[in-house]
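**Student:** Below you will find the structure I want to go over with you.
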Amino acid sequence: MELKQMRTKSADELKSHLLDLHKEQFSLRMQKATGQLAKTHDARRVRREIARVNTLLGQPQAADLPGKKK
């Protein structure tokens, strides 16, 4: 998912997407362990997308900061 698309989502939607990513990461890890992982680059893609979602969830929103004008 593109970063621009992620920024438009609410925190609940991001948390739901994060849960899906963790499930996908687990599935990829199991495939790797059993030797069935064909696309090894998918593990890296999922890991990076998890980091992006966590970063977005940790950032304070501009509307939430006191004294800031839009």
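Computed from the coordinates by the stated procedures, all read-outs in this text should not be read as laboratory data. Values in this document were obtained by computation on a predicted structure and should not be read as measured data. Cβ atoms come from the backbone with ideal geometry, glycine included; neighbour counts cover every protein chain shown.
**Student:** With the crude spin-label approximation of a point 7 Å out along Cα→Cβ, what separation in nm comes out for ARG48 versus GLU24?
**Tutor:** Output for this residue pair reads 1.3 nm.
**Student:** OK, next. Quick check: pseudo-label points 7 Å beyond the Cα along Cα→Cβ at GLN59 and LYS4, how many nm apart are they?
**Tutor:** Taking the two extended label points, one gets 1.4 nm.
**Student:** Also, quick follow-up: Roughly how big is the chain's charge dipole about its Cα centre, with Cβ charges of +1 (Lys, Arg) and -1 (Asp, Glu), in debye to the nearest 20? Can you show the working numbers first?
**Tutor:** Working: 16 positive and 8 negative charges, 59 e Å.
It comes to approximately 280 debye.
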